[in-house]
Amino acid sequence: METCGRPAKSGHRCKQRLQMGMRACKTHETPEDAAYREGFQDGERNSREFWFKHSEGMRETWIAEGKRQAHLELERAQKDANLRLTDNGRQVVEVDGYAYTWSGAEPLEVGDRVLLPGNWLSSLKSGPGPFSGTVSQIGTSYTGTLSQIIRREALTN
């Protein structure tokens, strides 16, 4: 615990222990110190009153938030259970939000850079021919036909 530390008549520092919210002991307290202490005590009192008034409502809010998060976890688990991970023995991944297959020797991981076949949309965005992308997810919930990834791009440092 902190001590007052203000100079005493004896010339030594005051060793009175201070309570929370005090800057000096009662003996060495200035009007400014007293105002600080009273403000601290008022804040504590207001905080206690607020929590007593609102604790039941807060409890209901916390319960509702817990239920919401549990529901989100269940939805995430169901989505993960429905992910399409393979297609005719090839790994299925999402690259920048679109689903593709990969038949390379080493499986792809999130963050890998890959070269993708060009299509009508990619030619509008980045010109004709193949384009690069980043694996954003393993598996997909997409159920349609998938294009094949051309190759994994080498890491550049």
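The values are calculated or read from the model by the stated rules, or taken from the named source; none is laboratory data. If you're wondering where the values come from, they're calculated on a predicted model, not measured in any experiment. A quick note on method: Cβ atoms are made from the backbone with ideal geometry, for glycine too, and the neighbour counts reach across all protein chains shown.
Figure legend. Inter-residue proximity from the stretch 85-108: first residues in the same structural domain as Phe131 (by TED's automatic domain parsing), second residues of a type in the set (Asp, Glu), beta-carbon distance below 7 Å, spacing 6+ or different chains. Indicated pairs: Thr101/Asp87. Taken as a whole, the condition of being surrounded by 10 or more Cβ atoms within 10 Å (Cβ to Cβ), under 29 Å from the mean Cα position of the chain (by Cα) and modelled with pLDDT under 90 does not apply to His71.
Somewhere in the stretch 79-88, is a residue assigned to a strand (DSSP E or B) and surrounded by 19 or more Cβ atoms within 10 Å (Cβ to Cβ)?
no
The set of residues in the stretch 59-89 being within 17 Å of Ser136 (Cα to Cα) and touching a strand residue (DSSP E or B) at 6+ places or on another chain (Cβ under 9 Å) consists of Leu83, Arg84, Leu85, Thr86. When Glu65, Glu94 are screened for being among the charged types (D, E, K, R), outside any helix (DSSP H, G or I) and surrounded by 10 or more Cβ atoms within 10 Å (Cβ to Cβ), only Glu94 passes. Take the stretch 17-48 and flag every residue that is surrounded by 16 or more Cβ atoms within 10 Å (Cβ to Cβ) and assigned to a loop (DSSP other than H, G, I, E, B). Within the stretch 17-48, Leu18, Met22, Arg23, Ala24, Cys25, Glu29 meet the criteria. Return yes or no: is Ser136 hydroxyl-bearing (Ser, Thr, Tyr) and touching a helix residue (DSSP H, G or I) at 6+ places or on another chain (Cβ under 9 Å)? Judged against the criteria, Ser136 is not a match.
Within the bounds of the stretch 120-139, is there any residue that is in a loop (DSSP other than H, G, I, E, B), under 22 Å from Asp80 (Cα atoms) and either among the β-branched types (Val, Ile, Thr) or outside the structural domain of Arg76 (by TED's automatic domain parsing) (or both)? The answer is yes; a qualifying residue exists.
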